[in-house]
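Structure first, commentary second.
The values are calculated or read from the model by the stated rules, or taken from the named source; none is laboratory data. Values in this document were obtained by computation on a predicted structure and should not be read as measured data. Virtual Cβ from ideal backbone geometry, glycine too; neighbours counted across all protein chains shown. Accessible surface areas use protein heavy atoms only, side chains included; no ligands, DNA or RNA. Shrake-Rupley method; radii C 1.70, N 1.55, O 1.52, S 1.80 Å.
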Amino acid sequence: MQQRIAKFNRILKIREDSRKNEQAILAAERSEERAVMDHLTQLEGEKAQAIQDFSKSGGKAVSATDLWFQRQFIDAINTDITRGQNSLAEVRNRILGTEARLVEKHKDVKIMETFIDHLKEANFQEQLGIEQNELDDVATMQFSRKGDN
């Protein structure tokens, strides 16, 4: 029984390590999500500044080329924002997948822990039974010796 418990403890350790790896992946993905969100916030600020600069130049004498370049800059920022939003959506999808895998791994660990606890309890009960039988044998031998005298 002890060998069986040790075997399942090794399996439990492997499952716990797998769960820890999944937790590390989730932490990395959440960090990546924060970085993408910070980058998007920065791009939104740049876009707001570029639009403000573009609108301020309306009262001044500005060449059409300058206006075109300013507009192209705003379009480039919009393209970067769209890419960032797509990247954020991809990261969030990966996070959802990782969270689902982590929940399953956590369930596997809990199931294994419960199974090992049952094995340990059965082993304990078995040991108690063996001890009780030994005590009964000793008591029977003592009783039979007293009866012989």
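The table below lists the values:
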quantity	calculated
Subset of the range 66-122 (residues that are acidic (Asp, Glu) and under 16 Å from Glu22 (Cα atoms))	Glu99, Glu104, Asp108
Close pairs from the range 31-48: first assigned to a helix (DSSP H, G or I), partner of a type in the set (S, T, N, Q) and surrounded by 12 or more Cβ atoms within 10 Å (Cβ to Cβ), Cβ under 8 Å, at least 6 apart	Val36/Ser87; Leu40/Gln85; Lys47/Asn78
The range 72-95, subset β-branched (Val, Ile, Thr) and surrounded by 13 or more Cβ atoms within 10 Å (Cβ to Cβ), residue nearest to Asn9 (Cα to Cα)	Ile95
Matching entry among Thr65, Thr98, Thr114 (being over 19 Å from Arg15 (Cβ atoms), assigned to a helix (DSSP H, G or I) and hydroxyl-bearing (Ser, Thr, Tyr))	Thr65
The range 78-111, residues that are closer than 30 Å to Gly45 by Cα, among the acidic types (Asp, Glu) and in contact (Cβ under 8 Å) with a residue 12 or more places away in the chain	Asp80
Scan of the range 96-149 for residues that are open to solvent by 70 Å² or more (accessible area, probe 1.4 Å), basic (Lys, Arg) and modelled with pLDDT of 90 or more, ordered by number	Arg101, Lys107, Lys110, Lys120
